[in-house]
Amino acid sequence: MNATIRQILSPRHATVETVVVQNGQSVLVGQPILKLDSLNFEREQQKAQVHLRLLDIAAERLTDDYLNAFVYGPMQSMITFRSTVVSDRQAMRDDVAGRIGVPQPTIDGAEAKLDEAKAELSNAVDSLARKKLEIAKQKLDKEAERTQLTQSVQFMQRLIDLSTIVAPVAGKIDLGTVAGVFVERGDLLFEISL
């Protein structure tokens, strides 16, 4: 009776890190047979994880509480201050304009100060609106970067997991390689006799 033989080939270029079975040993389905080097994948995964942690730190500065306390709050205070200045200058101009016999240059000066205060208020309101748009864009960019890095970490984990080659069927192992050998994609790793 002829035994059916199933060949297991290397899925990628790699160094065989460890072989965990003996030649001729009987194995079960899913039993680990050998491990291919996964150091590069592990390094890339670690880099992505560090970058994710840095993104988390940066995200703390984009929370509503932080922004309200350290960005929007001070800008809103400036807008409130500028509004008060406009009101004061409006009252001053109205007072000067309401007096009889006030020279036109004095009225024009009060009008110019009012216009300047209104321009400063408008600039403060515009600055706050621009800052909110800028921060909204930063949040979107950070979220997109986080998604990409999370997918990269997951992908690297799958590659690391695939570095452990398991028996696809039960049978007797005939090793085609040993630990420390570099294998090309498609090279024979082992055969299983069913």
#### Entry: segment 29-56 - residue that is surrounded by 15 or more Cβ atoms within 10 Å (Cβ to Cβ), out of contact with any strand residue (DSSP E or B) (no Cβ under 6 Å at 6 or more places or on another chain) and of a type in the set (D, E) and, of those, farthest from I165 (Cα to Cα)
E44
#### Entry: Members of segment 105-156 found to be surrounded by 12 or more Cβ atoms within 10 Å (Cβ to Cβ) and of a type in the set (G, A, S), listed by number
G109, A110, A112, A117, A119, S122, A124, S127, S152
### Query
Are there any strands (runs of 3 or more DSSP E) wholly within segment 119-194 with 3 or more residues that are farther than 30 Å from Q49 by Cα and of a type outside the set (F, W, Y), and if so which?
171-175, 188-193
### Query
Under the condition of being more than 23 Å from V181 (Cα to Cα), in contact with a helix residue (DSSP H, G or I) (Cβ under 9 Å, 6 or more places away or on another chain) and not in a helix (DSSP H, G or I), which residue from segment 29-80 is modelled with the highest pLDDT?
L62
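The values are calculated or read from the model by the stated rules, or taken from the named source; none is laboratory data. None of these values were measured; they are calculated from a predicted model. All Cβ positions, glycine included, derive from the backbone under ideal geometry; neighbour counts span all protein chains shown.
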